[in-house]
Amino acid sequence: MSNRFAFIAVGIGIVLILVYSSIFVVNEREQAIVLRFGEIVDVQTEPGIYFKAPFAFIEADNVQIIEDRVLRFDLDDIRVQVSGGKFYEVDAFVAYRIADARRFRQTVSGSVPLAEQRLRTRLDAALRRVYGLRGFEAALSDERASMMREVRDQLRPDATSLGLEIADVRIRRTDLTQEVSQQTYDRMKAERLAEAERLRARGREAAARIRARADREVIEILASAQRESEILRGEGEAERNATFAQAFQRDEEFFEFYRSMAAYRQALENSGTTMVLSPTSEFFRYFSGDTLRVDSPSGNGNPATSAIPEAPAQSGSAAGAEQPADQTASD
């Protein structure tokens, strides 16, 4: 009885082992390739539970699981040459998926690193071709999208031969190399300095125009003010001359006396000048002993008398007498 149970247990264990080794599960992120003695007999791309021949350890049926997701690999620091002859560094990446598992197994033995290595070489060549037909500015303009599509289209035939499907190609970075960067910096610096000098020249030109306009306005204002002042001065002098004429007509002798006193004051008062004149000269006629009689302006007929002191006695010759500058006349 015990031996029968032992045989039954062994049989159940063998059945379980056979069932376990005959079942494989494919989830939604995977696809499976069934190999029998190294040959592909089936490919499962849909998720689910599948059966195969047991005893994979003797190469009866073997299952290789490969990815069914969109994969990505990056290509960094690619040195490309543009149409102008300069070199630039480019970073790009490729998004792809395994579309044909059978071909993928046949070409690269189902190895993702090996497939990416081959795809990397083709991507490098495609980027060099695309950049070689354009200048550096194209990668920084709206043409960048068309460049990525062109690289993708050039890469697709090679990817299809590997059983891959290219979803997208993106250029992440396009930078100047160290040598070109320094040259570009120097060129941009020279351009900025030239632009600054142009702006300074325009500013100096504008300042000169404003200064010239201001100087012209100053001259015009001064000329206008001088013209008005001359007109006012002329009118004042005319009025003064008219006043003097009226005074001269009223009393000629008093007018002459007043003018002589003004001349004395202007010539002798605080001038610091020594004058050598004859005492009998016409200039000193009001310093003589004669009395100047001036009619009263009131018109009453009574003469007004102004006593003019005699000139001090001079020693020596009259022609050599020296009249001090600070000598004043008293009424």
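Rule-based calculations on the coordinates, nothing more; no lab input. Keep in mind that what you see is a predicted model, and the values were worked out from it rather than measured. With ideal geometry, Cβ positions are generated from the backbone for all residues, glycine too; neighbour counts draw on all protein chains shown.
Each residue of region 71-85 was assigned a 3J(HN,Hα) from its phi angle through the Karplus curve 6.51 cos²θ - 1.76 cosθ + 1.60 (θ = phi - 60°); the sequence is 9, 9, 9, 10, 10, 10, 6, 7, 8, 10, 10, 8, 5, x, x Hz, with glycine and proline shown as x. Computed from phi, the 3J(HN,Hα) profile of region 217-230 under the Karplus parametrisation 6.51, -1.76, 1.60 (θ = phi - 60°) reads 5, 4, 4, 5, 5, 5, 5, 5, 5, 5, 4, 5, 5, 5 Hz, with x in place of Gly and Pro. Cβ-Cβ distance of ALA95 and LEU199, R₀ of 45 Å, FRET efficiency by 1/(1 + (r/R0)^6): the value works out to about 0.40. Annotation: amide H of VAL41 within the under-5 Å range of VAL34, LEU35, ARG36, sequence separation 5 or more or interchain, hydrogens built in the peptide plane. Look at where the Cα atoms of region 69-89 and of region 100-116 average out, and the two centres are 24 Å apart. Amide H contacts of GLY110: ARG105, each under 5 Å away and 5 or more positions distant or on a separate chain (H built 1.01 Å from N in the peptide plane; Pro and chain starts excluded). Here the peptides 230-238, 63-71, 245-253 are ranked by packing, the mean other Cβ count within 10 Å, and the order with the highest first is 63-71, 245-253, 230-238. Here the 3J(HN,Hα) profile of region 100-112, calculated from phi with Karplus coefficients 6.51, -1.76 and 1.60 at θ = phi - 60°, is 10, 5, 5, 5, 4, 5, 6, 8, 10, 6, x, 9, 5 Hz, Gly and Pro shown as x.
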